[in-house]
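S.K.: Here's a structure for you.
The values are calculated or read from the model by the stated rules, or taken from the named source; none is laboratory data. Remember, it's a predicted structure, so these values are computed and weren't measured experimentally. Here the Cβ is made from the backbone with ideal geometry for all residues, glycine too, and neighbour counts use every protein chain on show. Each accessible area value is taken on the protein alone, full model and side chains, heavy atoms only, with ligands, DNA and RNA left out. Shrake-Rupley method; radii C 1.70, N 1.55, O 1.52, S 1.80 Å.
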Amino acid sequence: LEIVQDIIARPVEPIPYKRYVQIYKAAAKRYGFAEDWYVLAAVGKAESNHGEDMGPSSAGAMGPMQFLPSTWEQYGVDGNGDGEANIMDPEDAIPAAANYLEFGGAPEDWYAALYTYNHAGWYVREVLGIAESYRRQAGDEGVKPYV
């Protein structure tokens, strides 16, 4: 894993939701929770509505997964192999979020992983609710319910 030296926050062109789904699935697989990609997608929905609100937030979080620069320094990754880990690029930010969730306990403990991502019980419940709605929309009975 490459350590991020400088915070790169270069705007990128918006990408379609379908591409977000591809990135969520690939990143979840890469970080060991392929069947639970719904949770990663739910984080993206809760944080930026899949790139619609790139920030910065009042706390200074930015990008499609709303990373604080200090967290990005530790968990940011060059997900698309272009030589830079761009906090604003979904192809970097989504794998970084998967990396951070794995660090937090995913997939064994989704509550802990999501609480690491945002230290609020309401946030964890909101994300798990969104993940459950995505799982149901997909008709995926192979994955246990999130709520």
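S.K.: Rounded to a whole number, what % of the accessible area of the chain do carbon and sulfur atoms account for, probe 1.4 Å?
M.R.: On the way: 3760 of 7450 Å².
Solvent-exposed carbon and sulfur of the chain make up 50 percent of the total.
S.K.: Given the -39500 (n - 2.57) contribution per DSSP H run of 4+ residues, what per-residue ellipticity at 222 nm results for the chain, rounded to the nearest 500 deg cm²/dmol?
M.R.: On the way: 6 runs with 74 residues, N = 147.
Result for the chain: -15500 deg cm²/dmol, rounded to the nearest 500.
S.K.: Please give me, ordered by residue number, the GluC sites (Glu not before Pro) of the range 56-147 that lie in loop per DSSP and have at most 13 other Cβ atoms within 10 Å.
M.R.: On the way: sites: 73, 84, 91, 102, 108, 126, 132, 141; in loops: 84, 108, 141.
Filter output for the range 56-147: 108, 141.
S.K.: Then there's this: Taking the Cα centre of the range 1-71 as origin, sum charge times position over the Cβ atoms of Lys and Arg (+1) and Asp and Glu (-1), and report the length of that vector in debye to the nearest 20.
M.R.: On the way: 7 positive and 8 negative charges, 51 e Å.
Around 240 debye, computed over the range 1-71.
S.K.: Multiply the residue separation of residue 68 and residue 30 by 0.36 nm, subtract the distance between their alpha-carbon atoms, and state the gained length in nm to one decimal.
M.R.: Working: separation 38, 0.36 × 38 = 13.68 nm, distance 2.25 nm.
Result: 11.4 nm gained on full extension.
S.K.: Moving on. With angles folded into 0 to 90 degrees, how steeply does helix 121-138 sit against the dominant principal axis of the chain? Use alpha carbons for both and round to 10.
M.R.: With both axes taken from Cα atoms, the answer is about 70 degrees.
S.K.: Next up: Rolling a 1.4 angstrom probe over the protein heavy atoms, how many square angstrom per residue are accessible across the range 1-72?
M.R.: Numbers: 3950 Å² over 72 residues.
With all protein chains present, the range 1-72 gives 55 Å² per residue.
S.K.: Quick one: length gained pulling residue 59 to residue 103 fully straight, 0.36 nm per residue minus the C-alpha distance? Display every interim value, and only then the final one.
M.R.: Details: separation 44, 0.36 × 44 = 15.84 nm, distance 2.20 nm.
Contour length minus Cα-Cα distance gives 13.6 nm.
S.K.: Place +1 on the Cβ of every Lys and Arg and -1 on the Cβ of every Asp and Glu in the range 1-105, take the dipole about the Cα centre, and give the residue among 44, 9, 76 whose Cα lies farthest towards its positive end.
M.R.: Result: 44, furthest along the dipole toward the positive end.
S.K.: Then there's this: Would you work out the relative contact order for the range 20-139, in percent, from Cα pairs under 8 angstrom that are 6 or more residues apart? Write down the numbers at each step before the final one.
M.R.: Working: 186 pairs, mean separation 29.1, N = 120.
It rounds to 24 percent for the range 20-139.
S.K.: To continue, here is another question. Once R0 is set to 22 Å, what does the formula 1/(1 + (r/R0)^6) return for the Cβ-Cβ distance between residue 21 and residue 123, expressed as a FRET efficiency to the nearest 0.05?
M.R.: E(calc), rounded to 0.05, equals 0.50.
S.K.: Quick check for me: using +1 on Lys/Arg Cβ and -1 on Asp/Glu Cβ, what's the dipole size of the range 1-119 about its Cα centre, in debye to the nearest 20?
M.R.: Working: 7 positive and 18 negative charges, 69 e Å.
The dipole of the range 1-119 has a size of about 340 debye.
S.K.: Just check the range 1-103 against the gyration tensor rule for me: Cα atoms, a ≥ b ≥ c as the square roots of the eigenvalues, rounded for a/c under 1.5, and otherwise prolate or oblate depending on whether a/b exceeds b/c. Before the final figure, lay out each step's value.
M.R.: Numbers: a/c = 1.41, a/b = 1.14, b/c = 1.24.
Verdict is rounded for the range 1-103.
S.K.: Can you tell me the 0 to 90 degree angle between the C-alpha axis of helix 37-48 and the longest principal axis of the chain, rounded to 10?
M.R.: 50
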